[in-house]
1. For the chain, just the Cα atoms, rotate onto the principal axes and tell me the three extents in Å, largest first.
2. Assigning unit charges at the beta carbon (Lys, Arg +1; Asp, Glu -1) and nothing else, what dipole magnitude in debye, to the nearest 20, does the chain show about its Cα centre?
3. Using a Förster distance of 30 angstrom, determine the FRET efficiency expected from the C-beta separation of residue 73 and residue 39, and round it to 0.05.
4. Compute the Cα gyration tensor for the range 5-60, then decide on rounded, prolate or oblate, letting a ≥ b ≥ c be the square roots of its eigenvalues: rounded whenever a/c is under 1.5, prolate when a/b is larger than b/c in the other cases, and oblate in all that remain.
5. Please report how many Lys pairs in the chain have alpha carbons closer than 17 angstrom, counting only residues at least 8 apart along the chain or sitting on separate chains.
6. Could you list the residues of the range 1-36 with an amide nitrogen less than 15 Å from a label point located 7 Å from the Cα of residue 87 in the Cα-to-C-beta direction?
Amino acid sequence: MPSKSDWRDRRLSAFTELAQLVKTENRRQIALWGVQSHSLFCWLSILGEEVGEMNKAALKAECDNKSLVGLRDEAIHAATMALKVAEMAMAHLA
């Protein structure tokens, strides 16, 4: 596990790669569940569950010396959900 000082803001320097991972995760989610329609509260509950999974992966990485791959994957899941909520909000603002 990297030291605390190694967890500095990288200024989204890997944004292109991250965006591709989010697109891939979005396609995976749609393949599993189709295009969904929920209330805002339901969408935020799903996002909260993903953030909880990310926290769990971070705990495993920090306390159990587990790989950071799980943390990265869960962060991508959470980011995908957060961007879906942002996109829906943008559509309602238009």
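1. 43, 26, 23
2. 180 debye
3. Efficiency at R0 = 30 Å is approximately 0.65.
4. Verdict is oblate for the range 5-60.
5. Taking the Cα cut-off of 17 Å, the pair count is 4.
6. 19-36
Laboratory data are not the source of any read-out in this text; all were calculated from the coordinates shown. Bear in mind the structure is a predicted one, so any value in this text is a computation, not a measurement. Because the Cβ atoms are built from the backbone with ideal geometry, glycine has one as well, and the counts that use them run over all protein chains shown.
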